[in-house]
Amino acid sequence: MRNTKDFFRCAGLALALFAYLTLFFGAEDEWSIAAYVLLGVGGVIALVSFGALPAIERLIQANERACQALMIAGTLGIIAVFREDHYTLFLLGTIFVYSAAVLGINVQLGYAGVINFSGASFFGIGGYTAAVFLQNTPAPPLLTLLLGGIFSAVIGSILLFPVLRTSGHYSALVTMAFALLLKVFLEVSEWLGGPQGLALPSLKFLGIDFAEDLVIMGNEYSFYVKYDLACLLLLIMTFTFAQRIERSWMGLAMDAVRIDETAAACFGISVTRWKITAFTMGNFVIGVAGALYSMMLSYINPSNFTFSDSLLFLSILLLGGIGSLWGVIAATAFMVVIPEKFQIIQEYRYLIYSAMVLMMIVFRPSGLLPRKPRRYIAGGPL
Amino acid sequence: MDISLLLQFFINGCMLGMMYALVAVGFTLFFGVLDVIVFSHGDSVMVGAFAGLSFYLLCMYLSPGMPVWLVTLFVSFAGMAFVAGFGMLVSRFVIMPLRSAPALNTLLATMMLGTVMREAVRLFFPDGSNPKPFPRLLPDWSWKFGGALLRFDNIALFIAGGLLIVGVALLINHTRLGMAIRAVAQDAEAAQIMGVDFPFIVLLTFAIGSAVAAFAGLMNGLYYNEINFNLGLLLGVIGFSSAVIGGLGNIYGAILGGFVFAFLQVFGTVAMPFSSAYKDVFAFGVVIVLMAIFPTGILSERQSQRV
Amino acid sequence: MRMNKARWSGLGGALCLAAVLGAAPVAAKEVVKVGYIGPLTGGNSAVGLGARNSADLAVRLQNADPKSKYQYELVALDDECKANIGVQVATKMASDARIIGAATHYCSAVALGTVDIYHRFKMPVIVWGAVEPKITYGNDYPEIFRTIGTQEYQNKVASAFMRSQGYEKFAIIHDTTDYGKAHKDFFVKFLTEQGGEALGIFGVTSEQQDFTTELTKIKALGAEVLYFGGLTPLGVRIRSQMDKLDLELQFEGTSGIKSDAYISGVGAELAEGTLSFLDGAPVEKLAGGKAFTEAYARQGYAQPAEALGIFAFASMKQIIDTIEKVGPSRKALITALGRIEDDDTLIGRVTYDEHGQNAIPLMTKYVVQDGQWTIWEDSEYASGKRSLVKVKR
């Protein structure tokens, strides 16, 4: 009976989590937002002080598949609850694509240790690729998504040589310079729309027009439901991809490269090869996510892909816990939703938000959900 | 191109280079001692400029009849002391707690700190979201060489900045205190075993680096006679780039990097007639190429890696 | 599974507590919501905050009026001048059916990205600050109105005026944002049409601090006028650095530098003679202008209204006045706004054409005289007592 019992416990946890998220997403006035923030913080502190966290962790690890299914079900549940609330759906979609992009950075930094300060640039390359192809060619959207990823990976390979030759902060500078360069380049190049950017036609796929409201049995729901489902699908695919890598010999090799290049090389692992693989794979994922994001946004301009957006991506990864897949999703939700909820404090929102993130980095340097030792099989032993 | 124009470009480039070098020195010092990148350093420059302005206003309020040279000295030293103090607080409460965490943590934490500083000045300095005039404290003398104009403040600020950097270099290379800083930079644990007061050295380094940043801010104010809350944003990135191009941990590298970057920008603007907006694309493109050629900076510490 | 029952029931308790807290408080009073969107954080926040306060002033004045039919509530959101954030907050505002109408956007790229959203959700908006022509003329959406004129007209007036003053050779610095770039494009277009010449064009990013290299080049070009397409912070830097290089050119700005911050930033002495152009009738001359300035001062806002505050005020007031007439319905508001003709507002008469653009383009020329923005026609420059920088030929 243990498994059924466990399942119900998992389901209970998932229910609590998603009930909280639903209420939080729905909160509008300052008092209820403040109350939910306090409730969330209080809840986490209570769990920690009751000593419940390790138990929950064990529970989740032992029932990984079930928990993943529950998370997907819960997310679909949230989408269903907010089916008519365009704004919340848009935020959810943003969380999904950002998570997917940060998972790409996670492959680079979290696994192979290749630092990338130009995440938003590759995100933008994907977006601009999609915009250019959708505007000028009859390319099907699915293909443009792939093209976004391919372009981002190919342009990223220009940086490979300097990134491979350098390390640490020197390598950081290379990608930083690229981020700054690309934003200025987008701004001054007329054929990419210059500072005004490009508009994208709405996504049409398999005869479904993504810009039209969703009609199910005569009821109209927000068109963002369709985008959310597409974004969620991308996130699930990226997540599975990242998890598969982690649990394969590839992830093992990348970890070795990250932890000690010299030792890895001594054991016959090609440092160059794995860094190239991770960097390219990561950029591909980021590019695909960027392409989908720009389709959902339907309008992009260079100010969406600045150096500070790249830093946002890295902050998400750091806050979640470098290398931790679930951490990435949790941190993205936090970093996307909090500034939005802070709209109520208007001009003070960035001050408070930055101070909050600063405190989190100082007091929890390993992130919200630090990476755990790998398990090769879902629910398997260490 | 006539020679006086070249001279003018040279003067402009030198001023810019000195400013970048001053910012880069801080980056290089912090990196040398703690292996960290302090991204709020550019915003320390901005705080330095605003502190200078505040002390000037205070000065005018308390004793309006003070001679200008005294005001200038007071504003400079008070501004530098203020930012030095602030830098020590930052090192004590943000940098030191993150010492055992990965370097990326410090980088992002200080980036957030920079945002906090920037937004705080914007919101809490009176009408802080608009640019502020900075008082003209230096004499208005200038000399003409053909079409080129050499001003007294060019020379004064350049020399003062140069002296400050040389002073810091001397302090680090030729005093007992400097020896302690270098010892910590080489091996913090070994230095502690030899009796170096590690926390004190860290605080001291941050005080020095921040004071230099404050001077860069004051120089910015005195040179352009205008300051704004956003001025540290790009200056921070450029200062970091300069420090890295020159080779982190090397003060002379920081100077070299600062001037390299400044002249790259000047050259980019001069050489590209109808699209000077591409000059940043050019400058950062060259930075990437430079990094590919000199993976550890132009003046790197030629050390073999310990395994 | 070592966790005991008490802990699990604790979790359940937390869940119940969450559910109880979730019950939304019921609004006691009937209110009509109106919206404002503009940059409240970051580099463009000075203008955005001034406009926010001005829109807020319109709401407060209405609420203070006992004859008002509804109690108005302003929802102000921050778009950071970023297209993606703009789309986000526009979706938030437009999909909230309780918000009847809004005064929106300062940055053109944001406005261009959001017009589709307002159209989709059938929400009427009056653009108060973004000046790119395509915002109104690039679509047929009945929901989009704009009180402020377009950049095209502004530069037509500006270049004709400069030509009439006898200037021929221009150097141009513009920031690479949509605002600066579009200003440059239109100014160069009209200037060449009218026989002037652009000797050099320099694009700069909005974070740039040092312009000495560009200015030195301009000095060598032999231009008579430096045209600057961009906003106050850069304008202040450029004008101050012109002085440092002993560059004696006529400095001509756009609506972006017509702010008190420009004069206080460069100082009255250097600002003297700077030209700028601003849409609308001169506020100082209209009856409402003085009342606005006084009312604004009485509220004690932390930031000045800036040049575009009046546009945000006029837009918000128009929304409120129309709601008073036709009731709080988006549909009625759209129709009623579309029919507005010759409406007497703070910025002069307003009539919307078929694209929702204010069709009475008024442009006021300003020159800085003794530390004040002075209407050109009233200035000592126009009367010949003082003169702009003379052309050396």
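The values are calculated or read from the model by the stated rules, or taken from the named source; none is laboratory data. Because the structure is predicted, anything quoted here is derived from the model rather than measured. Please note: Cβ atoms are built from the backbone with ideal geometry, for glycine as well, and neighbour counts cover all protein chains shown.
I'd like the full set of residues that are within 14 Å of chain B (Cβ to nearest Cβ), in contact (Cβ under 8 Å) with a residue 60 or more places away in the chain and among the polar types (S, T, N, Q), limited to region A:131-166.
A:Ser157 - this is the single residue of region A:131-166 that is within 14 Å of chain B (Cβ to nearest Cβ), in contact (Cβ under 8 Å) with a residue 60 or more places away in the chain and among the polar types (S, T, N, Q).
Looking at (1) farther than 15 Å from A:Met295 by Cα; (2) in contact with a Lys or Arg (Cβ under 8 Å, 6 or more places away or on another chain), which one does A:Ile105 not meet, given that it meets all the others?
(2)
Mind listing just one residue for me: the one in region A:177-194 that is facing another protein chain (nearest Cβ under 7 Å) and crowded, with 24+ Cβ neighbours inside 10 Å and, of those, nearest to C:Asp185 (Cα to Cα)?
Checking each candidate, the answer is A:Glu187.
Of everything in region B:22-42, what is assigned to a helix (DSSP H, G or I) and either away from chain C (no Cβ under 14 Å) or surrounded by fewer than 24 Cβ atoms within 10 Å (Cβ to Cβ) (or both)? Give them in sequence order.
Those that are assigned to a helix (DSSP H, G or I) and either away from chain C (no Cβ under 14 Å) or surrounded by fewer than 24 Cβ atoms within 10 Å (Cβ to Cβ) (or both): B:Ala24, B:Val25, B:Gly26, B:Phe27, B:Thr28, B:Leu29, B:Phe30, B:Phe31, B:Gly32, B:Val33, B:Leu34, B:His41.
Given the options C:Lys67, C:Lys134, C:Lys122, name the one that is surrounded by fewer than 23 Cβ atoms within 10 Å (Cβ to Cβ) and at the interface with another protein chain (Cβ under 9 Å from one of its Cβ atoms).
None of the others qualify; the one that does is C:Lys134.
Conditions first: (1) outside any helix (DSSP H, G or I); (2) facing chain B (nearest Cβ under 9 Å); (3) out of contact with any Ser or Thr (no Cβ under 6 Å at 6 or more places or on another chain). C:Leu215 passes all but one, so which condition is the exception?
So C:Leu215 meets the others, but not (1).
Answer yes if at least one residue in region B:225-233 is among the acidic types (Asp, Glu) and in contact with a Ser or Thr (Cβ under 7 Å, 6 or more places away or on another chain), and no otherwise.
yes
Checking the condition within 14 Å of chain C (Cβ to nearest Cβ), closer than 30 Å to B:Pro67 by Cβ and modelled with pLDDT of 85 or more, which residue from B:Asp140, B:Asp153, B:Asp127 passes?
B:Asp153
Could you tell me how many of the residues in region C:226-257 are surrounded by fewer than 23 Cβ atoms within 10 Å (Cβ to Cβ) and either in contact (Cβ under 8 Å) with a residue 60 or more places away in the chain or under 15 Å from the mean Cα position of the chain (by Cα) (or both)?
Final tally of qualifying residues: 3.
Just one of the numbered conditions (1) hydrophobic (A, V, I, L, M, F, W, C); (2) under 28 Å from B:Leu138 (Cα atoms); (3) more than 20 Å from the chain's Cα centre (by Cα) is not true of B:Ala183; which one?
In the conditions (1) hydrophobic (A, V, I, L, M, F, W, C); (2) under 28 Å from B:Leu138 (Cα atoms); (3) more than 20 Å from the chain's Cα centre (by Cα), B:Ala183 misses (2) alone.
As an exercise: evaluate A:Phe205 against (1) at pLDDT 85 or above; (2) more than 14 Å from chain B (Cβ to nearest Cβ) and give the number of the one condition it does not meet.
Of the numbered conditions (1) at pLDDT 85 or above; (2) more than 14 Å from chain B (Cβ to nearest Cβ), the odd one out for A:Phe205 is (1).
Does region A:285-295 contain at least one residue that is touching a residue at least 24 places away in the same chain (Cβ under 8 Å) and of a type in the set (S, T, N, Q)?
Checking region A:285-295: at least one residue is touching a residue at least 24 places away in the same chain (Cβ under 8 Å) and of a type in the set (S, T, N, Q).
Listed residues B:Val270, B:Val266, B:Val237, B:Val286; which is more than 10 Å from chain C (Cβ to nearest Cβ) and not in a loop (DSSP other than H, G, I, E, B)?
On inspection, the qualifying residue turns out to be B:Val286.
Please find, within region A:6-21, the residue that is surrounded by the fewest Cβ atoms within 10 Å (Cβ to Cβ) out of those that are more than 8 Å from chain C (Cβ to nearest Cβ) and either of a type in the set (Ser, Thr, Tyr) or over 27 Å from the mean Cα position of the chain (by Cα) (or both).
A:Phe8
Being aliphatic (A, V, I, L, M) and surrounded by fewer than 21 Cβ atoms within 10 Å (Cβ to Cβ) is the filter; apply it to region A:122-146 and report the residue that is farthest from the chain's Cα centre (by Cα).
Once the filter is applied, the top-ranked residue is A:Ala139.
Within region A:79-100, is there a residue that is more than 14 Å from chain C (Cβ to nearest Cβ), aromatic (Phe, Trp, Tyr), out of contact with any His (no Cβ under 8 Å at 6 or more places or on another chain) and assigned to a helix (DSSP H, G or I)?
Yes.
Yes/no matrix, rows are residues, columns are (1) surrounded by fewer than 19 Cβ atoms within 10 Å (Cβ to Cβ); (2) more than 12 Å from chain C (Cβ to nearest Cβ); (3) among the aliphatic types (A, V, I, L, M):
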| site | (1), (2), (3) |
| --- | --- |
| B:Leu177 | yes, yes, yes |
| B:Ala188 | yes, yes, yes |
| B:Gln192 | yes, yes, no |
| B:Ile208 | no, yes, yes |
| B:Ala214 | no, yes, yes |
| B:Gly221 | no, no, no |
| B:Ile227 | no, no, yes |
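Scan (1) outside any helix (DSSP H, G or I); (2) more than 27 Å from A:Val225 (Cα to Cα); (3) of a type outside the set (A, V, I, L, M) for the single condition A:Thr4 breaks and write down its number.
(1)
Here are B:Phe206, B:Phe229, B:Phe215: which of them is closer than 20 Å to B:Phe86 by Cα and in a loop (DSSP other than H, G, I, E, B)?
Every option except B:Phe229 fails the conditions.
Would you confirm whether or not region A:106-119 contains a residue that is aliphatic (A, V, I, L, M), within 14 Å of chain B (Cβ to nearest Cβ) and not in a helix (DSSP H, G or I)?
Yes - at least one qualifying residue is present in region A:106-119.
I'm trying to understand the selection: among the residues of region C:95-119, which are crowded, with 23+ Cβ neighbours inside 10 Å, among the aliphatic types (A, V, I, L, M) and more than 8 Å from chain A (Cβ to nearest Cβ)?
C:Ile100, C:Ala102, C:Ala103, C:Val110, C:Ala111, C:Val115, C:Ile117
Do the conditions hold for B:Gly85, that is, is it part of a helix (DSSP H, G or I) and either more than 10 Å from chain A (Cβ to nearest Cβ) or within 17 Å of B:Phe206 (Cα to Cα) (or both)?
Yes: the conditions hold for B:Gly85.
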